[in-house]
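Only the coordinates and a few stated rules stand behind these numbers; no lab work does. Because the structure is predicted, anything quoted here is derived from the model rather than measured.
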Amino acid sequence: MKSTLVTSLVVATALAAPAANADTLRLLTWGGYAPEEVIAKFEAETGHTVEVTTSNNEEMIAKLRATNGGGFDLAQPSQDRITSAQEEFGIYKPMDMSKVNADLFIPSMLKATAGNTTFEGEVYGLPHVWGTSGLVVNTAQAGDVQDYTDLCDASVAGKVSYRLKRPTLIGFAYSMGLDPFAAYGDTAKYQDILNQVEAKLTDCKPNVKTYWGGGDEIKNLLRSGEVVASMAWDTGGWQLNADNPDITFVAPDSGALGWIDTFVLPARGRADDAAYDWINFVMRPDIAAMITNTAGNFTAAVDGDAGVSADLKARYQGSFDQSAIDNIKWYPPVPAGLEALEGATLDRINAAN
Amino acid sequence: MTSDTSKLGFYLLLAPIFLWLVLLIILPHIGLFMVSISEKIGPREYQTGFGNYATFFGEPLYWRTFARTAIMSILATALTLILGFPIAYYIAKLTRGRTKTTLFLMCMIPFWVSELVRTFGWMILLRETGVISTTLQSLGLISGPVELLYNDAAIMVGLVYTSILFMIVPLVTTLDSLDDSLIEAGYDLGGTTTSIMREIVIPHAMPGIVSGCIVVFMLSLGNYLTPILLGGKDSLWFTGMIYTQFITRFNWEFGSALGFLLLALSSAIVFLGLKMSRQSLSDTMGRT
């Protein structure tokens, strides 16, 4: 009698535990945000399987737009690109905060992201990984480059690279003493700022070796010494610093540009429970540290930096003192339609001779 | 009864190509056209009109980029023909048996790896710290590193390299079908090498030349990888522009209009080319 009970219990648990909520989580994220060992651990603990697609901000929105928010169960765009995409294409669904363990998040970041991703009274985003973009400089050869506009200096002619994308416009605007974020709401004023930046970047064009497109491309250019100063992400600089101590990330005088990548639920995602399980899993301090160690960027998890390697912490502190941290310009949500203006400006810079 | 079965057989055989055309070519193009004639006036608000096409013709940037792409593609086609013709002639006329197969195979081997890998190969060769630059330096021919990548010449090299096979294959086929005795007769009648080329070989090979040129031109015009990876800061390419509109600008409406314009303008260029070479499409495609 007793043994039957035990057997049936065992069978019941064996059947119920993984079968109760085993789903396939289709995750649309950035390279490094879902390391193999984290996925393996998650699959072992919850029984879900994870399929990862790596992408970038624009492609994430384009992919979700093509399917009206289907094909993926969890996406990770930056927080400034959520409300405009929701307004234009309706590709996300609101977060159910009751399913999220809010204690795992640093309260100030959770609140800031909630504020930035609120559309028509509903919160769409939770903070995950944050970082900055600024300058990656070979200090032995271009130690004078301290700000974005220094990239146009004659001393580094032909050995400079940046992207033709919106962060470049914003960074140069700040470096020229303008305040683009304050002008986000005023189209005419923003256009005026864009015109000034366009003139600057057109003048600067002969200095540029090439406009880089992908993270690996710029790392190759810097590693080979073909480029000595560029605009790039902090992690790229720190990774290169591990190979060549001369190259590192420099927070520009006018301020590094801060981004926060989030969790959002695509409108037609099928495995919401698995998505919430993933969020609550990766925000645990031990898992967050594993992600920081592979992605190179810190997370919004409470105590997430405890398990981070000492090397990475040292590089972070080398690039950011307290005043540089206070000076970070965090991207506010981009109003819908602003990107059309920026696009026209970027096209003209690209075509200018 | 027999006519019924043969009719059924005819329709069954027609079905795959018909489905292919309707589902994969015609329907997507209708959809693309519908998107291209909707103008965005606000978030989720659209109206029908030809504003996107007007933008293309109104903003010099866009049609200049198209003109640039078309001219560079024509140049790439001409270069491919100049390089490909002697190779094809050699393979078709001056070699026999095993040598012929080997040479033909050698032309094809590079195409067994993907275009991306081949383009990265060129990047390794041409870049400032690349193979050519370092070799020239170690030979003492140049004093400092030289940058060969990120310019229009690099794009041209890449385009010719990626498309030369599509020129050689039709040329070899048409040149193969030319009877050698015609060339011998030409010499017997006192013709020079130049006049035989001009009067006998080239007229015979014309359908192959034209079909090779059409394929290479279309491949170059529609190429995305090579111009993006090898080109520099001034090297705009029309397909790159379409990609930007779709992916980074979220402007599918304008992107679709550009796509349609690419289709229409490239067809117009091919049509003009056929008229100028006095070839018809059915001749060119039928004989190779």
Would you look at the GNM of chain A, springs on alpha carbons closer than 10 Å, and say which of A:45, A:87, A:342 moves the most?
A:45
Distance between Cα centroids, the stretch B:236-251 to the stretch B:34-52: provide it in whole Å.
17 Å
Helical contribution to [θ] at 222 nm, DSSP H n ≥ 4, -39,500 (n - 2.57), averaged over chain B, rounded to 500
-22000 deg cm²/dmol
Rounded to 10°, Cα long-axis angle of helix A:2-20 versus longest principal axis of chain A
30 degrees
What is the ratio of the Cα radius of gyration of the stretch A:201-270 to 2.2 N^0.38 Å, where N is its residue count, to two decimals?
1.43
Just round it to a whole percent: the fraction of Cα-Cα distances in chain A exceeding 25 Å.
56 percent
Can you tell me the 0 to 90 degree angle between the C-alpha axis of helix A:36-46 and the longest principal axis of chain A, rounded to 10?
30 degrees
Go from 0 up to the bin containing the longest alpha carbon distance in the stretch B:66-110, width 10 Å each, and give me the % of pairs per bin.
25, 37, 23, 13, 2
Could you tell me which of the pairs A:329/B:233; A:41/A:63; A:200/B:233 are separated by over 24 angstrom between their Cα atoms in the structure shown?
A:329/B:233; A:41/A:63
Given that compact globular proteins tend to follow 2.2 N^0.38 Å, what is the ratio of the alpha-carbon Rg of the protein assembly as shown to that value?
1.16
Check every DSSP H run in chain B and write down those whose alpha carbon atoms cover 18 angstrom or more along the long axis and whose mean Kyte-Doolittle hydropathy is 1.6 or greater.
B:152-176, B:202-221
Can you give me the relative contact order of chain A as a percent, contacts being Cα pairs under 8 Å and 6 or more apart?
27 percent
May I ask for the percentage of alpha-carbon pairs in the stretch A:292-352 that lie more than 16 Å from each other?
67 percent
For every helix of n ≥ 4 consecutive DSSP H residues, a contribution of -39,500 (n - 2.57) applies; sum these over chain A, divide by its total residues, and give [θ] at 222 nm rounded to the nearest 500 deg cm²/dmol.
-13500 deg cm²/dmol
Put one equal scatterer on each alpha carbon of the stretch B:27-114, apply the Debye formula with no solvent term, and list log10 I(q)/I(0) at q = 0.12, 0.17, 0.20, 0.24 1/Å to two decimals.
-0.69, -0.87, -1.01, -1.16
For chain B, using Cα atoms only, the Rg and Dmax in Å read 23.6, 84
Using alpha-carbon coordinates, inclination of helix A:57-66 to the longest axis of chain A, degrees
60 degrees
The computed P(r) of the stretch A:213-331 puts the percent of Cα pairs beyond 25 Å at 34 percent
Candidates B:58, B:231, B:144, ranked by Gaussian network fluctuation over chain B, Cα under 10 Å, top entry
B:144
On a C-alpha basis, how far is the centre of the stretch A:258-285 from the centre of the stretch B:73-147 in Å? Whole number, if you could?
49 Å
